[in-house]
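Okay, so here's the structure we're looking at.
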Ligand SMILES: Cc1cc2nc3c(=O)[nH]c(=O)nc-3n(C[C@H](O)[C@H](O)[C@H](O)COP(=O)(O)OP(=O)(O)OC[C@H]3O[C@@H](n4cnc5c(N)ncnc54)[C@H](O)[C@@H]3O)c2cc1C
């Protein structure tokens with residue numbers, strides 16, 4: 001399908017982007033890699049009059065650790081996160097998730113900021129960032145604000161970001177010592193597919209290596225937004241991570257998610273897959289073998 005005509009702007013700085021957003025009063029649309037936006041424009045779901053390119057803005061670039069905190073610029077691509085040496089320890093699940101996004105071309109072009117701001121309930125980078133307790137930094141005409149990622153997602157395609165704001169960067173704290181993470185994604189095929197269900201787990205273990213001191217679990221594709229599975233976390237904390245404990249956690253996760261039936265899968269199937277994937281992700285954190293799972 002042909003794109004509707006639009007004006008294109010290519011500002012070289014964040015200040016310039018904010019100035020344009022202010023002048024356009026809600027009629028300007030930001031574009032980063034364009035892998036979500038251009039599809040929506042081609043399908044005539046969106047027809048912005050003014051498109052503002054972010055790809056030259058230096059403030060939105062960079063991936064680095066400083067004093068135990070990870071900073072990921074909004075323009076960092078999935079490809080950059082796949083093998084970034086800084087993503088080690090608890091942060092490794094970010095690489096694990098980035099490797100499962102789309103295809104080589106999509107990972108090269110698509111950015112973390114675009115993935116979060118598009119606010120798909122199936123966005124692959126959301127669950128691992130939620131379990132890591134990430135915060136997003138938004139810049140607007142009235143200054144900046146840093147909010148937890150958990151309060152960023154409001155519904156499908158809807159976030160806390162205002163029309164005159166830009167997502168500048170994501171901050172991720174270090175996981176507590178003795179933490180291990182896993183990210184599992186189930187699609188209908190091995191690549192180029194959005195998650196039917198995804199599960200990110202971050203477990204902090206006691207000295208004995210089998211008792212769960214702290215659990216963070218997030219689910220993708222099974223609620224209007226990526227979801228923290230807080231009841232499942234509670235069910236795990238203080239418990240021995242043995243067979244029955246893991247099975248119980250899978251069931252609690254299945255009970256607390258809110259999947260819908262759509263053209264890609266039924267709610268019943270998604271709920272059952274949450275049960276299976278949660279249990280397997282916990283096993284993976286413990287270094288136990290799991291069957292080949294998803295993408
Ligand atoms: C074939 C195909 C396969 C895909 N597979 C997957 C997959 O497996 N997993 C997955 O999660 N996604 C997938 N996607 C979706 C997409 O590639 C990702 O969500 C990608 O990260 C979007 O980033 P982008 O830079 O291309 O965003 P864009 O398309 O440029 O922007 C997306 C939205 O975010 C806004 N935006 C972008 N950056 C900012 C910012 N810094 N501040 C404020 N607003 C901003 C834009 O205005 C737009 O509304 C796929 C897409 C395609 C076309």
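Pop the C-beta distance of residue 64 and residue 9 into the FRET formula with R0 = 25 Å and round what comes out to the nearest 0.05.
0.30
Can you sort 50, 284 so the residue with the fewest Cβ neighbours within 10 Å comes first?
Taking fewest neighbouring Cβ atoms as first place, the list is 50, 284.
By counting other Cβ atoms within 10 Å of each Cβ, how are 164, 262, 255 ranked from fewest to most?
262, 255, 164
Is the chain rounded, prolate or oblate when judged by the Cα gyration tensor, a ≥ b ≥ c being the square roots of its eigenvalues, rounded requiring a/c under 1.5 and prolate requiring a/b larger than b/c?
prolate
Taking square-rooted eigenvalues a ≥ b ≥ c of the alpha carbon gyration tensor, is region 55-117 rounded, prolate or oblate, where a/c under 1.5 means rounded and, failing that, a/b exceeding b/c means prolate?
Since a/c reaches 1.5 but b/c is at least a/b, the shape of region 55-117 is classed as oblate.
Neighbour counts of other C-beta atoms within 10 Å: give me 248, 27, 275 arranged from fewest to most.
With the fewest neighbours first, 248, 27, 275 line up as 27, 248, 275.
Tell me, what is the percent relative contact order of region 1-91, built from C-alpha pairs under 8 Å that lie six or more residues apart?
Result for region 1-91 is 31 percent.
With axes computed from alpha carbons, what is the tilt in degrees of helix 243-256 against the longest principal axis of the chain, rounded to the nearest 10 within 0 to 90?
In the chain, helix 243-256 runs at an angle near 40 degrees to the longest axis.
What is the helix-to-structure angle for 14-24, meaning the angle in degrees between its Cα long axis and the longest Cα principal axis of the chain, kept from 0 to 90 and rounded to the nearest 10?
70
Can you give me the Cα centroid spacing of region 157-184 and region 19-42 in angstrom?
Using only Cα atoms to place each centre, the spacing works out to 22 Å.
Can you give the calculated 222 nm mean residue ellipticity of the chain, where each DSSP H run of n ≥ 4 adds -39,500 (n - 2.57) and the sum is split over every residue, rounded to the nearest 500 deg cm²/dmol?
Value at 222 nm, helices only, nearest 500: -8000 deg cm²/dmol.
Given axes a ≥ b ≥ c from the Cα gyration tensor, I'd like to know whether region 1-125 is rounded (a/c under 1.5), prolate (a/b larger than b/c) or oblate.
Judged from the Cα gyration tensor, region 1-125 comes out oblate (a/c at least 1.5, b/c at or above a/b).
7 Å from Cα along Cα→Cβ at both residue 141 and residue 240: what's the point-to-point distance in nm?
The modelled label-to-label distance comes out at 6.2 nm.
What is the angle, in °, between the Cα long axis of helix 267-285 and the longest principal axis of the Cα atoms in the chain? Nearest 10 is fine, range 0 to 90.
Taking the Cα atoms of the chain, the angle to 267-285 is about 70 degrees.
Using only Cα atoms, locate the centre of region 243-295 and the centre of region 66-123, then give the distance between them in Å, rounded to an integer.
Using only Cα atoms to place each centre, the spacing works out to 23 Å.
Where a number appears in this text, it was derived from the coordinates with a stated rule and is not lab data. Only a predicted model underlies this, so the values are computations on that prediction, with no experimental measurement involved. Positions of Cβ are generated from backbone atoms using ideal geometry, with glycine treated the same way; all protein chains shown enter the neighbour counts.
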